[in-house]
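Heads up, the thing below is written out as structure tokens.
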Amino acid sequence: MIAPPDAARAIEPPLTHAPNPATLPRMVKLNRIYTRTGDAGTTGLVDGSRASKADPLIAAIGDVDEANSAIGLALAALNGAALDAAADAALAARLAAIQNDLFDLGADLATPASDADGTDFAPSDMVLRVTAAQVARLEREIDAMNEGLAPLKSFILPGGAPAAAALHLARAIARRAERTAVAAGEARALNPAALTYLNRLSDHLFVMTRVVNAGAGGDVLWVPGGSR
């Protein structure tokens with residue numbers, strides 16, 4: 001059994017909450033949900049160009065959206081799943097911030113580099129980019145959550161508490177999103193920070209599953225050959 005993590009450590013350092021939409025610039029205005037512009041199998045990018053829906057870039061954007069949806073499912077299952085109300089609130093705040101990050105990341109992937117060389121991925125008032133600060137926040141949270149967990153002595157099976165199982169699913173989808181983004185990056189320049197974020201995200205979700213399961217009896221461990 002894995003001993004439950006110390007709740008105070010699990011919420012350190014202070015969390016970055018999802019931004020208040022009222023304080024953000026109005027970048028989106030939707031009056032109609034369907035436009036018919038994608039009926040021929042293409043979709044629009046942020047710069048006004050269009051790409052085939054079979055393009056690896058669009059597959060990557062779709063996988064990011066799927067990962068975000070799976071995180072939303074985990075967030076809905078989280079209430080009461082961890083050690084106490086404070087720990088639940090801390091994990092929920094982290095997931096909410098990640099969901100907002102993933103919208104940034106989808107917009108980032110859909111926005112070509114600002115220069116012809118494909119090296120300018122600097123954010124601006126009207127260009128959303130994932131930044132090194134967002135990656136660093138994930139790393140701090142991973143370290144804080146992992147500090148209260150016992151070292152792993154076996155691989156973990158995806159399961160346990162319902163919220164942990166949902167987080168495992170989100171983790172696996174995040175791994176796929178990273179793979180498809182890397183594939184898309186072989187054909188066009190993508191923001192390196194966006195790819196790094198996806199890599200850290202799967203680690204973050206993995207550690208969070210351990211935190212949740214620590215409050216529900218411990219990790220579900222793989223037993224090599226145990227089902228023969």
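For the condition charged (D, E, K, R) and surrounded by fewer than 17 Cβ atoms within 10 Å (Cβ to Cβ), ARG140 qualifies. For LEU149, the conditions (1) more than 16 Å from HIS204 (Cα to Cα); (2) part of a loop (DSSP other than H, G, I, E, B); (3) in contact with a helix residue (DSSP H, G or I) (Cβ under 8 Å, 6 or more places away or on another chain) are fulfilled apart from (1).
Under the condition of being part of a helix (DSSP H, G or I) and surrounded by fewer than 18 Cβ atoms within 10 Å (Cβ to Cβ), the residues counted in the stretch 108-137 number 3.
The set of residues from the stretch 152-181 being more than 18 Å from the chain's Cα centre (by Cα) and either of a type in the set (Asp, Glu) or part of a helix (DSSP H, G or I) (or both) comprises just one member, PRO162. Of the residues making up the stretch 78-107, those that are of a type in the set (Asp, Glu) and surrounded by 15 or more Cβ atoms within 10 Å (Cβ to Cβ) are ASP88, ASP101, ASP104. Taking each residue of the stretch 61-73 that is surrounded by 21 or more Cβ atoms within 10 Å (Cβ to Cβ) and looking for partners that are among the hydroxyl-bearing types (Ser, Thr, Tyr) with beta-carbon atoms closer than 7 Å, six or more apart or interchain, yields ASP63/THR180.
Yes or no, residue by residue, for (1) surrounded by 22 or more Cβ atoms within 10 Å (Cβ to Cβ); (2) assigned to a helix (DSSP H, G or I):
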| residue | (1), (2) |
| --- | --- |
| ALA187 | no, no |
| ALA193 | no, yes |
| THR196 | no, yes |
| LEU205 | yes, yes |
| ALA216 | no, no |
| PRO224 | no, no |
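Residue selection: SER227 fails the criterion of being within 30 Å of ASP55 (Cα to Cα) and more than 16 Å from the chain's Cα centre (by Cα). Here GLU141 passes the criteria (1) at pLDDT 95 or above; (2) assigned to a loop (DSSP other than H, G, I, E, B); (3) not aromatic (Phe, Trp, Tyr) except the one numbered (2). State whether one or more residues within the stretch 52-70 are over 30 Å from ALA214 (Cα atoms), at pLDDT below 95, of a type outside the set (A, V, I, L, M) and part of a helix (DSSP H, G or I). There is at least one residue in the stretch 52-70 that is over 30 Å from ALA214 (Cα atoms), at pLDDT below 95, of a type outside the set (A, V, I, L, M) and part of a helix (DSSP H, G or I). Taken together, the residues in the stretch 111-146 that are touching a Lys or Arg at 6+ places or on another chain (Cβ under 9 Å), farther than 24 Å from SER202 by Cβ and free of Cβ contacts under 8 Å to residues at least 24 places away in the same chain amount to 1.
The values are calculated or read from the model by the stated rules, or taken from the named source; none is laboratory data. A quick note: this is a predicted structure, and the numbers were derived from the prediction, not measured. Positions of Cβ are generated from backbone atoms using ideal geometry, with glycine treated the same way; all protein chains shown enter the neighbour counts.
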